[in-house]
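Q: Following this message is one structure expressed as structure tokens.
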Amino acid sequence: QYPIRNIADYLFACSIPAGRWLFGSKHITKDNFFIINNAINTKAFSYNKEVRLQKRKELDIQNNFVLGHVGRFHPQKNHDFLIEIFIEMQKINKNTILLLVGNGELVDHIKAKVDYYGINDKVKFLGMREDVPQIFQAMDAFVLPSHYEGLGIVAIEAQASGLPCIISSN
């Protein structure tokens, strides 16, 4: 943080307080300091009933309660625990479906776990997608049980979609 302020040509932060924390008060008043806001396109994630119905039909999940997760299959994202959560949800409501969007090093491990528990028909592995805003519309709740997150933009996107979110405190 502080050492870079004297050798960098340009200093970037997502806000004035973040810049002050990163570089110190004196450096955020200089011409080489810039704010780059963290943002999402809220219009893309705004609830739309027609999109919801279309995407649920496309995914063949019309009459289900749909939990969803978007993230790479990596130890940080804690998919193992997500499957445990889903197994408990199945005990409460057999009509629950889990949508998993993303790819990564642990996808085969999680597929094997889903197979082991015999819930293949209840968990949909959607891979990498370009239609994530529409997939959020198909969900009834979003789950992010990460071991750690910096700023989980995906949680902000889920909230912008109007979804109830269950998010780890980590």
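Q: If r is the Cβ-Cβ distance from GLN54 to MET128 and R0 is 22 Å, what FRET efficiency results, to the nearest 0.05?
A: Numbers: r = 20 Å, r/R0 = 0.93.
Efficiency at R0 = 22 Å is approximately 0.60.
Q: Let me ask another. Given H placed 1.01 Å from N in the peptide plane, which residues other than close sequence neighbours of ILE167 have an amide H under 5 Å from its amide H?
A: Correct list: LEU144.
Q: I would also like to ask the following. Expressed as a whole percentage, what fraction of the accessible surface of region 47-170 belongs to carbon and sulfur atoms when a 1.4 Å probe is rolled over the protein heavy atoms?
A: On region 47-170, the fraction of accessible area on carbon and sulfur atoms equals 51 percent.
Q: On to the next question. Hey, which lysines would be in cross-link range of LYS111, C-alpha to C-alpha under 26 Å, not counting anything within fewer than 8 residues on its own chain?
A: Candidates past the 8-residue exclusion: LYS55, LYS57, LYS77, LYS91, LYS94, LYS122, LYS124.
Q: Per residue of region 29-35, in order, report the coupling 6.51 cos²θ - 1.76 cosθ + 1.60 (Karplus, θ = phi - 60°) as ³J(HN,Hα) in whole Hz, putting x for Gly and Pro.
A: 9, 7, 5, 9, 9, 9, 9
Q: Which longest uninterrupted range of the chain lacks any GluC sites (Glu not before Pro) assigned by DSSP to a loop state (not H, G, I, E or B) and surrounded by at most 10 other Cβ atoms within 10 Å?
A: Longest gap between qualifying sites, sites excluded: 1-104.
Q: Counting helices only, and only those DSSP H runs with n ≥ 4, report the 222 nm mean residue ellipticity of the chain as the sum of -39,500 (n - 2.57) divided by its residues, in deg cm²/dmol to the nearest 500.
A: The per-residue figure over the chain is -10000 deg cm²/dmol.
Q: Please list ILE61, ILE87, ILE36, ILE153 in order of solvent-accessible area, largest first, computed with a 1.4 Å probe with all protein chains present.
A: Heavy-atom accessible area, descending, gives ILE36, ILE153, ILE87, ILE61.
Q: Quote to one decimal, in nm, the extra length available between ALA18 and ALA39 on full extension: 0.36 nm per residue of separation minus the C-alpha distance between them.
A: 6.0 nm
Q: Arrange the residues SER169, SER46, SER146 by how much accessible surface each exposes, largest first, with a 1.4 angstrom probe.
A: Sorted by accessible area, descending: SER169, SER46, SER146.
Q: Under a plain spin-label model, where a point goes 7 Å from the Cα along Cα-to-Cβ, how far apart in nm are LYS111 and GLN159?
A: In this crude label model, LYS111 to GLN159 measures out at 3.4 nm.
Q: Ignoring ligands, DNA and RNA, what accessible area per residue does the chain give at 1.4 Å, in Å²?
A: So the chain comes to 58 Å² accessible per residue, rounded to a whole number.
The values are calculated or read from the model by the stated rules, or taken from the named source; none is laboratory data. Note that the coordinates shown come from a computational prediction; the quantities given were computed from them, not determined experimentally. All Cβ positions, even for glycine, are placed from backbone atoms using ideal geometry, and neighbour counts span all protein chains on display. Only protein heavy atoms, including side chains, enter the accessible area calculation; ligands, DNA and RNA are left aside. Shrake-Rupley method; radii C 1.70, N 1.55, O 1.52, S 1.80 Å.
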